[in-house]
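What follows is calculated from the coordinates using simple rules that are stated; it is not laboratory data. Just so it is clear, the model here is predicted, and its values are computed rather than measured. Please note: Cβ atoms are built from the backbone with ideal geometry, for glycine as well, and neighbour counts cover all protein chains shown.
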Protein chains: 2
Amino acid sequence: MAISFTLLHRDGAARAGLLTTPHGVVETPIFMPVGTQATVKGLTPEMVRAAGAQIILGNTYHLALRPGDELIRDLGGLHRFMNWSGPILTDSGGFQVFSLASQVKITDHGAKFKSHIDGRLLELTPERAVEIQENLGSDIAMVLDECPPADADPARLQAAVERTIKWAARCQVHQRRSDQALFAIVQGGRDPQLRAACARELVALDFPGYALGGFSVGEAPEEMHAALPACAALLPEAKPRYLMGVGRPVDLLVGIAAGIDLFDCVMPTRNGRNALAFTADGPVRLRNAQHRRDPRPLESGCTCYCCANYSRAYLHHLFAAEEMLGPTLVSMHNVAFYLRLMREARTAIATGRFTVFVATYLARWKDDS
Amino acid sequence: MAISFTLLHRDGAARAGLLTTPHGVVETPIFMPVGTQATVKGLTPEMVRAAGAQIILGNTYHLALRPGDELIRDLGGLHRFMNWSGPILTDSGGFQVFSLASQVKITDHGAKFKSHIDGRLLELTPERAVEIQENLGSDIAMVLDECPPADADPARLQAAVERTIKWAARCQVHQRRSDQALFAIVQGGRDPQLRAACARELVALDFPGYALGGFSVGEAPEEMHAALPACAALLPEAKPRYLMGVGRPVDLLVGIAAGIDLFDCVMPTRNGRNALAFTADGPVRLRNAQHRRDPRPLESGCTCYCCANYSRAYLHHLFAAEEMLGPTLVSMHNVAFYLRLMREARTAIATGRFTVFVATYLARWKDDS
């Protein structure tokens, strides 16, 4: 087994556990910073680590297109290529094909599409998705799935689920590496019965971990919050559960409450690059003139490198002057913020205070945007 | 005295010494990375320090315009604002007024100009230049000088020198802080007699350090190389000598050979952001396809963070993918490269091998650009 998963604590449906991978142990629930193109944007791996990251995500679609998965394999794999010695999860590339590529044609065989970089005609099949991820050498790989938009019609959803199940089985058959765990992805949109059917089929295939897909593709957050408990409950209790591409701090709390263990999202880094910082009191927009002379750190009490060493006035200046250090420092803080949230959630679960923690957390949060 | 300067070794006209400032001791000859807008572009102060930097430069013109020198003063000074605890030298802003601002009008009183940021009409006088730098709280401040282009006619050069001398004296009179050293700047373009006259007048005013200005404003490198020995010799032996805004590695070696102690230039960081790296074998252009699969570090034998952890293939990928980490890593290497050059030069001077060092260094350097 490439991975093992041990549940340590439960608090309602929320769980705290340990996920052991070939590149180290991860405490769950955990947030995975996104390193799309073999770098967490604007941060060195040491900064990512210092922010509390235990596992990061890499994007199969982007890396297969550029620099190419064979190249990364020949250079010793993704860990070595990007100088990250900890665990890595790679997605399957399916979501990016549907969201970034053009002229996408899906058949049972796979997805044909044009590269968003150079217009090359390419094909992603379940077998190729596994091959790419084995070349990258991630600790956890994802099966290729079909991810229709949230408002797709029932027939389309049904077809996507059937294809997702068949593709998952083909990925499983094609797997060669014993040091990489392959997770399945449950689709089914907003249809509980479709989700249940998809989960049932995939659980029968006995994957070492399961993800919920299709929850960051345009639905209202409230819909997702309402659907998550039932969806998470469809997944095996003893295996890690991953909610793909989600989300805001509140979404992570709802996910954890529903029994999710793994999360990823570009929000901390993307928002950081745009001068939007997360704090326990809500978001802070550092371009606002009110910060121009503010000697206080971005978030009082935060021990991250940014908050320990710089004022809001300095961060405001960096963004006004369009200096690279601004995006770097605020990305760093935001990643640290997300990982502190996970740490606090784990502690709350371990001590049976998770509900109080969530209520207190959200009562303090003010979003004036 | 805010600073003291001790000469330790001589080798021909080259010298190695120690410059003691309120924020620490600097080994000379030294290169100062440029932190124009209160940040060395793309690098944290820790990265700048790890690259071997002992003193950095801040730009008075930029900082006075944005975020403003009073704001920086109110927040505890430039060191604290930007989280750099080592020595800082600030220029006077004169060079930037002449090169960046528009509608510049110079009188004996000072320079009137329009801000390149928001078009505000502003004035920089010798007194204001000192005031700004005292607000910033740098260890070494520069007098306001008039810096005409290299091809200015003799009358213009003569007038600029006369004004530069008068302005230097006014700066000296206006100085209030005892923890900041004020350096004078010798102008005079390509006219040896004018340079000599300017130096004579300024030396009579007994500044704690002297700079050569006007050597990065369009003249051919060969002209500068030819002029430097005589120009450096005009400056007091016992005081630090600073060649402003210069330059390429070969220019630094010629400068050191002429007896210069301090240098600054944007080349290591600007080139680094553009994927151009310095190595002992000459420049390396990391966007070139030849690096796409190259597992070697940027420069073999270099101990900097970039070379210790990343391949040329990875750096090539980062620039192809327009990832921020590319400019950061190559800037880091280039700054480390410049500071290694200084370290090697100091050792060569201390052991009486400087000429052999320069010859060996330049014989190896290949610029295929």
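Assorted remarks:
- A from B by rotation - nearest chain B beta carbon to the axis, in Å: B:Met324, 3
- On the beta carbon distance between B:Arg177 and B:Glu27, with R0 = 25 Å, the FRET formula returns roughly 0.50.
- For the stretch B:136-186 versus the stretch B:189-242, the gap between their alpha-carbon centres in whole angstrom: 13 Å
- Coarse-grained scattering of the protein assembly as shown at q = 0.05, 0.07 Å⁻¹, given as base-10 log I(q)/I(0) from a Debye sum over alpha-carbon atoms: -0.31, -0.58
- For the stretch B:135-260, alpha-carbon Rg over 2.2 N^0.38 Å: 1.01
- DSSP assigns beta bridges within the stretch B:4-208; of those with both partners inside it, close to 65 percent run antiparallel.
- When the square roots of the Cα gyration tensor eigenvalues are ordered a ≥ b ≥ c, the ratio a/c for the stretch B:4-208 is 1.5 or more and a/b does not exceed b/c, which makes its shape oblate.
- Debye-sum result for the stretch A:1-119 in log10 I(q)/I(0), which assumes one identical scatterer on each alpha carbon, at q = 0.14, 0.15, 0.17 Å⁻¹: -0.72, -0.80, -0.95
- Compared with the dominant Cα axis of chain A, that is its longest principal axis, helix A:249-258 is turned about 50°.
- Measure of compaction for chain A (Cα Rg per 2.2 N^0.38 Å): 0.97
- Rel. contact order, % - alpha carbon contacts under 8 angstrom, at least six apart, the stretch B:172-257: 30 percent
- For the stretch A:120-188, the calculated P(r) over all alpha carbon pairs, in 10 Å bins from 0 to the bin holding the longest distance, is 22, 45, 27, 6 percent.
- Cβ-to-Cβ counts within 10 Å put B:Thr351, B:Thr44 in ascending order as B:Thr351, B:Thr44, the fewest first.
- Within the protein assembly as shown, helix-based [θ] at 222 nm, where runs of 4 or more DSSP H residues each add -39,500 (n - 2.57), nearest 500: -12500 deg cm²/dmol
- Chain B: angle of helix B:221-233 to the longest principal axis, Cα-based, in degrees nearest 10: 50 degrees
- Estimated dipole of the stretch A:212-369 in Debye, rounded to 20 [Cβ of Lys and Arg +1, of Asp and Glu -1, Cα centre]: 480 debye
- From the alpha carbon centroid of the stretch A:86-131 to that of the stretch A:294-369 is 35 Å.
- Fraction of antiparallel bridges per DSSP, the protein assembly as shown only, in percent to nearest 5: 50 percent
- Size-normalised alpha-carbon gyration radius of the stretch B:209-349, reference 2.2 N^0.38 Å: 1.17
- Relative contact order, whole percent, for chain A stands at 18, derived from Cα pairs under 8 Å and 6 or more residues apart.
- Computed from point charges on the beta carbon alone (+1 for Lys and Arg, -1 for Asp and Glu), the dipole magnitude for the stretch A:4-265 about its Cα centre is near 260 Debye.
- Computed label-point distance, nm, for sites B:Leu362 and B:Asn309 using a 7 Å Cα→Cβ extension: 3.7 nm
- Residue exposure sequence - B:Ser178, A:Ser331 - by fewest surrounding Cβ within 10 Å: B:Ser178, A:Ser331
- Annotation for the stretch B:337-368: chymotrypsin sites (Phe, Trp or Tyr not before Pro) lying in DSSP loop with at most 11 further Cβ atoms inside 10 Å of their Cβ do not exist.
- Between the listed residues A:Gly58, A:Ala181, B:Phe5, the Cα displaced farthest toward the positive end of the dipole of the protein assembly as shown, a dipole computed from Cβ unit charges relative to the Cα centre, is found at B:Phe5.
- The simple spin-label model puts a point 7 Å past each Cα toward its Cβ; for B:Asn274 and B:Glu70 those points are separated by 3.9 nm.
- In this structure the amide hydrogen of B:Ala211, modeled in the peptide plane, comes within under 5 Å of the amide hydrogens of B:Ala184, B:Ile185, B:Val186, B:Tyr242, none closer than 5 places in sequence on its chain.
- Extreme residue, positive dipole direction of chain A, given options A:Leu212, A:Thr328, A:Ala232 (C-beta unit charges): A:Thr328
- Anisotropy class of the stretch B:272-364 from Cα gyration tensor, a/c 1.5 cut: prolate
- Computed about the Cα centre, the dipole magnitude for the protein assembly as shown is approximately 320 debye when only Lys and Arg (+1) and Asp and Glu (-1) carry charge, each at its Cβ.
- Calculated diffusion of the stretch B:63-120, Stokes-Einstein form, Kirkwood radius summed over Cα pairs, 25 °C and 0.890 mPa s, µm²/s: 189 µm²/s
- Likely footprinting exposure, A:Leu234, B:Leu43, B:Leu63, fewest C-beta neighbours within 10 Å first: A:Leu234, B:Leu43, B:Leu63
- Helix B:325-350 vs. chain B, principal-axis angle (Cα, 0 to 90°, nearest 10): 70 degrees
- Residue among B:Pro126, B:Pro29, B:Leu253 farthest towards the positive dipole end of the protein assembly as shown, charges placed on Cβ: B:Pro29
- Mean separation of Cα pairs under 8 Å and 6 or more residues apart, divided by the residue count, gives the stretch A:287-369 a relative contact order of 21 percent.
- Shown here: the stretch B:201-253, whose C-alpha atoms stretch 31, 19, 17 Å along the first, second and third principal axes, sorted largest to smallest.
- DSSP bridge orientation in chain B - percent antiparallel, rounded to nearest 5: 50 percent
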